[in-house]
Amino acid sequence: MAQSPAHGADHHDHHAAGHHDPQDLKLLGFWIFLVTDVLMFSTLFATFIVLRGGTDGGPTGAELLEINGIIISTFLLLTSSFTSGLAVLAMHQNKVQQMIIWLIVTGLLGAGFIGLELNEFLHLIHEGATLQTSAFWSSFFTLVGTHGVHVTVGLFWMIAIIIQIVRRGLNSDTKGKITVFSLYWHFLDAVWIFLLSIVYLMEVM
Amino acid sequence: MGKKRSSLVRAAFSAVVLAMTMLLLSGCGNYMVLDPKGPIAQKQLDLIGITVLLCSIIIVPVLIITFIIVWRYRASNKKADYKPEWAHNNLLETIWWGIPIVIIAILAVITIRYTHELEPSKTLAAESEKEVVIQVASLDWKWLFMYPEEGIATINTITIPEDRSVRFELTSDAPMNSFWIPELGGQIYTMSGMSMALHLKADEPGDYFGTAANFSGEYFANMTFDVHATTEADYEKWVADAKNSSDTLTDEGYQELAKPSADNEQLVYASFPEGLYERIVTKYMHDGAELHEHGSASSDEEGKQSADAGAASTEAEGHDSSSHTGH
Amino acid sequence: MLDNIKEFASEFFVTGDPLIYGADVSIVLATLAIVFVLTYFKKWGWLWRNWLTTVDHKKIGIMYILAAIVMLFRGGVDAVMMRTQLAFPDLNFLEPEHYNQIFTTHGVVMIFFMAMPLMFGLFNIVVPLQIGARDVAFPFLNSLSFWLFFVGAMLFNLSFVIGGSPDAGWLAYPPLSGTQFNPGVGQNFYIWGIQISGIGSLASGINFIVTILKMRAPGMTMMKMPMFTWSVFASSTTIIFAFPILAITMLLLFMDRFFGAHFFTLDGGGNPMMYINLIWMWGHPEVYIVVLPAFGVFSETVATFARKRLFGYASMVFAMVIISIISFFTWAHHFFTMGSGANVNAFFAVTTMIIAIPTGVKIFNWLFTMYKGRISFPTPMMWTIAFIPAFVVGGMTGVMLSVAPADFQFHNSYFLIAHFHQVLIGGVVFGYFAGLYYWWPKMFGFKLNEYLGKWAFWFWNIGFYVCFMPQYLVGLDGMTRRISVFSDPDWTGLNVVSTIGAYIMGIAFLFQVAQIGYSIFRHEKDTTGDIWDARTLEWSTPSPAPEYNFAVIPQVHSRDEWWEEKERRARGEQPAQYGPIEPIHMPKNSAIPAIMGACWFIAGFGLVFHWLFFAIPGLIGVFICMFARSFSAHKAEYYIPAEEVERTEATLRGSV
């Protein structure tokens, strides 16, 4: 077992042998986490599809779901995905201020999305569709709500990252956090596209 | 150390021998599954036999080889070869990938054939023959049996004529259960909101053991029932007697019966409310769903169901069975 | 007021059974004893600094194993109580209600809180050392995984004395596990015990995948990894695909029970069959999650103790990968009798049989690893050899069960019980025992006493066959699982024999406890670090390995790197050069995982009892911990100076 002659070249980190680039590890770890999250959503989607007929004589999705509000929500979330991409671009150019502004815009759009979703839920509850109404509505609220919780957690996470960047500036650590966050945010966007088509469009059309 | 080890080994062997003897002594009876009294159980036993034989082709040599290798290449046997670098041989590996593949392929073909042949919803009656129909509801914690054509009902006991196909239609008005008469053939689940079908036949008169097989709560263990297979004449007589029974099952009586209770006597009712079984099944079905039967062998219905499920599932071919109530 | 408190207490605490009072007393006494010992010897600080806040994979591994042994005891006591009831069904040793709780907790404890932590314990201790890494990829997350497991296990076990145990079977099929038929809190304990520890398992799965993919020593390609590491990789991959399904299934069951949703209810359009599908989509892969690492252990022990290369490495890897893929396509064989139709049953029957092929190939490869070897028989090897007949027979009954039409006669009978105990004990438990005995010297620097170990081995093996062989027969005689009483006299004899076997295994466990206790006080210190003359990198470090594992990361040339190195040295070549030693970058200990675990406990407890004043603060605590970590992570590392590493190495190696 000869000592590694190539450790400096093999690893991105140059100051210690056997020390692996933490950002590299985190990025891979996060990708795998996203795989597990995809599976969780798949299970929820599968549940929704199996139970979509289970309205138990109560209101159906076609009766209560309104597509107009959803189009605005979709627009907000897609735009926020775009602005989070702009934030990452600014980060690569080391433009801290610009990046923070784009992040805040992303956050506001996300908050708007959550606001609309809450509004929709309140409206549905008012119309008499709750978790307890029927299997269909149980799976609707759980599926859409799980996505909403993901977005909300993302918002708090982003606030925490902004504070850290304001305090410590951009470095490989904070850059890594932004990268991972934007990955998460794009992922939520992709999930929403599926939600939009499977839950809303297929239900209403 | 050597002596200690040999005494330990000797103690171990004598314990095993003792245990096996006890096993044989205690187990001399006829095991229900191995002593079938009907065509379904017989075919299932045949299949078990085929499986054991096919598996033995691999299992027995493996056990012998294990013993030989472990014995011959023990470290203390200095005469044996020692080839520490020998770790790969294409021919050998091809052989032991190949043999299991061939055996499993044979077993798979047999299994597929038998799966279709023994599909529980397939009748055992010839065209001209008339089946006995028994509707079964698993309750907490008892079995309700209804004979719709005879108009009688029983609790925890059934009587069937020998040599006639019996069609069980099964549902549940309690947590899911499973209906099993080991000597006549394999079990099937009873589930709320669904009607399952199982066909069995008894070859000879006799008293058989029936049991609930899927845990359904506190007094699940009490859910056994008797199956009396009789001659055709005795069966007719039993039906006539049943019709003269002093007990009748009413709708109110059923409400009472469906409540959880532990120790249930066997009972025979002279009559039961018309359509009770259908009402139990539809009780848990929501509007618009139609009563359809499960365990169906009919290939187009199944095709339709799997097509539904295929569209329904993002995860491979899942959910076939779970999509049934969904429409 | 007093009456209110009394009424509350009588519902809150489980009362009315002498067994429970006995458990209460022993729990209180044990706790007092631990507190007293820690206080008397002033060990609180040591416990906190060295263990509870550690992020060192070796210590986390030891904590997992310790917890697993305690849980093995609990699950084993459950088993012995069940067997006692079944040997004398007329004595009413256990009421049906109590019996139902015990078989439920036996299953849950053994799978979730015994097999899983024992497995993660071995992962933790072995993988970084075996691939020449200093720790896992995410040491903090690793510690968090442990605490989530631990908290989940404690929450679940608490149900024994507070609130009442779950009693709907280890997989809790609805509607029986729904509020309609199961209004108590026991089922809530089930959901949250599993959910919290399940999140930990998922995180561990991610952690080990990244560790194995990214942190192997230079030169170690995937096809040069030791077989145990390969098995961990296969198992972890299976975890990340299976555990999300479990998490969602538990979430949906919780929604039904807590919010009155209608996923699995009989009314409101719910569909209980969907639960059965979902839980087995996780449940079947889970079986392979726990058995694959056992296969990995056998691959290591067989090569070491036959003093020979592992036969058919590529076949072994391929077989393992195939097993973990196909394991996701067999779940419906757990309910052939649901009436899904002949085509569905035939499909799942065939996929299930296919798994037998790669498994059989592995057995052949182990056998031919021993062929033309020089086999010695210390305890790890004895377990390995005992595994082969046990698993071969268990595998055969598995193939019998996979034949769908025949399964109609086996399903839910004691035949099934005997089968899965045979593969789980004969495969998983034997495998983990082999691993535990094999790597024990690496963990603690001394071997477990072989003499007591052999007694334990023979008691386990004899008890095992005496217990489960009669169960096959009684299953063929129509006895179904989960019954606490029966009237058929034919079953009595077989059940009595089976119970005797269970007690023999209980004695075997006591031998193991005695073995560990004796060995702690009477042992010979291992100074070589390579007590078995083994083959892979973990044996190149001192035993126990220093906190940084490797002073210098090794360069790998072949699969059996350490064996080759020893050969090179024997040929008189220059031994590996140690140096220049550089400062080593290490993660700092952290209290956050333990605190976050405590917050989860509070949240879980609140959700069990519908006490939002517990649940909400608990969940807020969880989030605060996450933010605290996010803000402090960049400060949570330090360097061990090169001089200190040199000093440590000199002390550890000096005595060689």
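We did not get these values from a lab; they are worked out from the coordinates using the rules stated. What you see is a predicted model; the values in this text were computed from it and never measured. Cβ atoms come from the backbone with ideal geometry, glycine included; neighbour counts cover every protein chain shown.
Output the pairs from C:224/C:442; C:224/C:454; C:59/C:372 with a Cα-Cα distance over 29 Å in this structure; if there are none, say none.
Numbers: C:224/C:442 22 Å; C:224/C:454 34 Å; C:59/C:372 38 Å.
Distance filter (> 29 Å) returns C:224/C:454; C:59/C:372.
Take every Cα-Cα pair in region A:66-205 and report what % of them are more than 26 Å apart. Provide the component values of the computation, followed by the final result.
On the way: 2878 of 9730 pairs.
More than 26 Å apart: 30 percent of the Cα pairs in region A:66-205.
Which residues' amide hydrogens lie under 5 Å from the amide hydrogen of residue C:162, considering only partners 5 or more residues apart or on another chain, with H built in the peptide plane?
Under 5 Å from the amide H of residue C:162: C:14.
Return the subset of C:58/C:588; C:308/C:362; B:78/C:525 for which the Cα-Cα distance in this structure is over 20 Å, preserving the input order. Let's see the in-between values first.
Numbers: C:58/C:588 15 Å; C:308/C:362 16 Å; B:78/C:525 30 Å.
Violating the 20 Å limit, Cα to Cα: B:78/C:525.
Return one number: the angle in degrees, 0 to 90 and rounded to the nearest 10, between the long axis of the Cα atoms of helix C:642-654 and the longest principal axis of the Cα atoms of chain C.
Helix C:642-654 sits at roughly 90 degrees to that axis.
Region A:163-183 to region C:6-39: how many Å between their Cα centroids?
Between the Cα centre of region A:163-183 and that of region C:6-39, the gap is 49 Å.
Do any trypsin sites (Lys or Arg not before Pro) in region C:516-565 lie in a loop, going by DSSP, with at most 14 other beta-carbon atoms within 10 Å of their beta carbon, and if so which?
Values: sites: C:522, C:525, C:535, C:559; in loops: C:522, C:535, C:559.
Qualifying residues, ordered by number: C:522.
For chain C, report the translational diffusion coefficient in µm²/s to the nearest whole number, using Stokes-Einstein at 25 °C, 0.890 mPa s, and a Kirkwood Rh over Cα pairs. Could the numbers behind the result be given before it?
Working: Rh = 26.0 Å.
In µm²/s, the coefficient rounds to 94.
If you add up the charges near residue C:265, with Lys and Arg at +1 and Asp and Glu at -1, over every other residue whose beta carbon is less than 11 angstrom from its beta carbon, what do you get?
Values: positive: C:257; negative: A:56, C:256, C:267.
Result for the local shell: -2.
Could you give each residue of region C:401-417 its phi-based ³J(HN,Hα) in whole Hz, using Karplus coefficients 6.51, -1.76, 1.60 with θ = phi - 60°, and x for Gly or Pro?
5, 6, 6, 3, x, 6, 4, 4, 8, 9, 3, 6, 9, 5, 4, 5, 4
If the reach is capped at under 22 angstrom between alpha carbons, list the lysines near residue A:95, excluding any in the same chain fewer than eight residues apart.
Residue A:95 reaches A:175, A:177.
In region B:87-178, which GluC sites (Glu not before Pro) are in a loop and have at most 10 other Cβ atoms within 10 Å, using DSSP for the loop call? Please report the intermediate quantities before stating the final value.
On the way: sites: B:93, B:117, B:127, B:129, B:131, B:149, B:150, B:162, B:169; in loops: B:127, B:129, B:131, B:149, B:150, B:162.
Here the sparse-neighbourhood loop sites are B:127.
Could you work out how far apart the two model spin labels at residue C:485 and residue C:574 are, taking each label as a point 7 Å from the Cα in the direction of the beta carbon, and quote it in nm?
Result: 8.1 nm between the two label points.
Taking R0 as 25 Å, what's the FRET efficiency between residue B:279 and residue B:125 from their Cβ-Cβ distance, rounded to 0.05?
It comes to 0.40.
In the protein assembly as shown, what percentage of the DSSP-assigned beta bridges are antiparallel, given to the nearest 5? Intermediate results must be reported in sequence, preceding the final value.
Values: 37 of 52 bridges.
So the antiparallel bridges in the protein assembly as shown amount to around 70 percent.
Which whole-Hz ³J(HN,Hα) couplings does region C:348-358 yield from phi under the Karplus relation 6.51 cos²θ - 1.76 cosθ + 1.60, θ = phi - 60°, glycine and proline marked x?
6, 4, 5, 4, 5, 4, 4, 4, 5, 5, x
If exposed GluC sites (Glu not before Pro) are those in a DSSP loop with at most 16 other Cβ within 10 Å, what is the longest stretch of chain A that has none? Please report the intermediate quantities before stating the final value.
Numbers: sites that count: A:66, A:127.
Counting only loop sites that pass the neighbour cut-off, the longest clear stretch is A:128-205.
With each label point set 7 Å from Cα along the Cα-Cβ vector, what nm distance links residue B:271 and residue B:244?
1.8
From zero up to wherever the largest Cα-Cα distance of region C:53-149 sits, split into 10 Å bins and tell me the percent of pairs in each.
16, 36, 22, 15, 9, 2
State, to one decimal in nm², a quarter of the convex hull surface area for the C-alpha atoms of region A:127-205, i.e. the direction-averaged projected area. Spell out each step's value before the answer.
Working: hull surface 26.2 nm².
Its Cα hull, projected and averaged over all orientations, spans 6.6 nm².
Quick one: A:194, C:243, fewest Cβ neighbours within 10 Å first, how do they rank?
Lowest to highest Cβ neighbour count: A:194, C:243.
Between region C:286-328 and region C:491-548, what is the C-alpha centre distance in whole Å?
With region C:286-328 and region C:491-548 each reduced to a Cα centre, they are spaced 21 Å.
On a C-alpha basis, how far is the centre of region C:117-133 from the centre of region B:139-164 in Å? Whole number, if you could?
Rounded to whole Å, the Cα centres lie 59 Å apart.
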